[in-house]
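Chemist: There's a structure below that I have some questions on.
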Amino acid sequence: MTTAEHATSVRSPRRERTRERLLDAALDVFAEVGMQATSIEAVCEAAGFTRGAFYSNFASKEELFVALMQRDARRQLRALEQAVETLDADSIGTPEGFRAALGTVMAAVRPDGGARRQWCLVAAEFELLALRDAVVAELYLTEHRRIRSEVGAVLGRILDSLGLRFVVDMPTAVDLLISAEDAAGRADLLERPARGAGEPAPPTRRLEALADLLLAPREDPPAT
């Protein structure tokens, strides 16, 4: 058990609820005004707590921010596990089925609906802080590598079952696919005002086109 996991296990239910409310409030405020412009008082006010409640859970705003980043990483991994359980093994065997499965896996690590805008904004804040702070950068990269490793493991199992492979190494393929999904999500958010309220986003083939470029039949080693 890691130090963080041990700390979580010994918190009282009441303290855990307080911590979660502070994290929820921080997510809202960080998305609204940015991490640098957010004060501890603003987070406390949004959560309905005093500074004392804040400091009984976090030593600083930066520690709160890292905890929020780590919580989101855990959410992504849980969503990925749930998405894998919904995949229909029979339908994956067709090109359309594989593309649908790929979309499910990629979308699993990104929230849908109104939460997507909030996630995009806070994800950008995560990256900015990591670029400015070497300690945060190490934590940020650790979580990203863990998520990408899990995505790669899932895609590897799917490709093996279909006799397919990526034409580049798995980490590179996963980075390309997640980057394409991120870019499509940002483009969708930027284009929404022009499309009009309530109008659905046009279908995108960016992820599918990239997958087609990356896929090739598996080359089994010759029999000895």
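Chemist: Largest first, what is the accessible-area ranking of 140, 55 with a 1.4 Å probe?
Modeler: So, going from the largest accessible area down, we get 55, 140.
Chemist: Express the carbon and sulfur contribution to the solvent-accessible surface of the chain as a percent, rounded to the nearest whole number, probe 1.4 angstrom.
Modeler: After summing per-atom areas, the C and S share lands at 55 percent.
Chemist: Give me the accessible area per residue for the range 111-182, probe 1.4 Å, as a whole number in Å².
Modeler: Per residue, the range 111-182 has 53 Å² of solvent-accessible surface.
Chemist: Right, another one. On the full set of protein chains, 1.4 Å probe, figure out the accessible area of residue 207 and give it in Å² to the nearest 10.
Modeler: 30
Chemist: OK, next. Scan around residue 164 for amide H atoms under 5 Å from its own, H built in the peptide plane at 1.01 Å from N, and keep only partners 5 or more places away or cross-chain.
Modeler: For residue 164, the qualifying residues are 218.
Chemist: Could you point to the residue in 82, 68, 105 farthest towards the positive end of the range 55-123's charge dipole, with +1 and -1 charges on the Cβ of Lys/Arg and Asp/Glu respectively?
Modeler: 68
Chemist: Further question: Largest first, how would 71, 146, 186 line up by accessible area (1.4 Å probe)?
Modeler: Largest to smallest exposure gives the sequence 186, 146, 71.
Chemist: Continuing with this model, one more query. Given a 1.4 angstrom probe, what's the average accessible area per residue across the range 19-65, in square angstrom?
Modeler: For the range 19-65, the solvent-accessible area averages 47 Å² per residue.
Chemist: Now, a different point. Kyte-Doolittle cut-off 1.0, length cut-off 27 Å along the helix's own axis using Cα: show which whole DSSP H helices in the chain pass.
Modeler: Helix filter hits for the chain: none.
Chemist: Show that you can apply the helix-only estimate: for the chain, add -39,500 (n - 2.57) for every DSSP H stretch of four or more residues, divide by all residues, and state [θ] at 222 nm to the nearest 500.
Modeler: -24500 deg cm²/dmol
Chemist: Something else about it: Rounded to the nearest 10 Å², what accessible area does residue 161 show when all protein chains are kept and the probe is 1.4 Å?
Modeler: Counting only protein heavy atoms, residue 161 exposes about 90 Å² to solvent.
Chemist: Compute the distance from the alpha-carbon center of the range 22-96 to that of the range 125-141, in whole Å.
Modeler: Distance between centres, Cα-based: 15 Å.
Chemist: A further question on this structure: Mind checking the dipole of the chain: about its Cα centre, +1 per Lys or Arg Cβ, -1 per Asp or Glu Cβ, Debye to the nearest 20?
Modeler: 560
Chemist: Taking all protein chains together and a probe of 1.4 Å, list 110, 148, 51, 17 from the most accessible to the least accessible.
Modeler: Listed by decreasing accessible area, they come as 17, 51, 148, 110.
Chemist: Quick one: how many Å² of residue 138 are accessible to a 1.4 Å probe, rounded to 10?
Modeler: Per-residue accessible area (residue 138): approximately 130 Å².
Chemist: For the chain, what does the alpha-carbon gyration tensor say about shape, rounded, prolate or oblate, given a ≥ b ≥ c as the root eigenvalues, a/c under 1.5 as rounded, and a/b over b/c as prolate?
Modeler: prolate
The values are calculated or read from the model by the stated rules, or taken from the named source; none is laboratory data. This structure is a prediction, so every number in the text was calculated from the model and none was measured. Note that each Cβ is placed from the backbone with ideal geometry, even for glycine, and that neighbours are counted across all protein chains shown. All accessible areas refer to the heavy atoms of the entire protein, side chains included, with ligands and DNA or RNA removed. Shrake-Rupley method; radii C 1.70, N 1.55, O 1.52, S 1.80 Å.
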